[in-house]
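Below is one structure, written out as structure tokens; the observations come after it.
The values are calculated or read from the model by the stated rules, or taken from the named source; none is laboratory data. Only a predicted model underlies this, so the values are computations on that prediction, with no experimental measurement involved. Virtual Cβ from ideal backbone geometry, glycine too; neighbours counted across all protein chains shown.
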Amino acid sequence: MTDFEREVLKRFEAQDKKFDKIFDKLLDHDKKFDQIIEKKFTETKDFMLTHFDKIHAKLDKLETEYLFIKNSLKKLEENREKREEDIKRIKNQVLGLLSRVEKLEVEARR
């Protein structure tokens with residue numbers, strides 16, 4: 001091997017060492033980047049899950065309120081129907097009383 005070839009080989013080996021250092025640095029950067037991404041992903045996931053939990057709790061509350069309102073309206077409707085029946089019955093009683101009063105007035109005039 002000539003001196004020139006040895007010099008070229010030496011320079012290539014020096015360049016190889018530099019590339020190895022660059023490669024190691026890139027690996028370190030990749031690890032740091034992965035850690036940052038993982039941390040951000042975890043933070044975002046936690047943030048979203050917290051909000052989903054809050055939304056779910058609100059939906060549960062709304063569903064409970066909806067069922068309460070629905071049942072209350074059903075009871076009101078039943079009560080309204082009963083009141084209408086009571087009103088009809090009272091009207092019939094009043095009409096019966098008016099009829100009896102008229103008969104009594106006719107008898108009283110005689």
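Of the residues ARG110, ARG100, ARG80, the single one that is among the charged types (D, E, K, R) and exposed (fewer than 10 other Cβ atoms within 10 Å of the Cβ) is ARG110.
Screening ALA57 against (1) at pLDDT 95 or above; (2) of a type in the set (Gly, Ala, Ser); (3) loosely packed, with under 10 Cβ neighbours inside 10 Å leaves a single unmet condition, (3).
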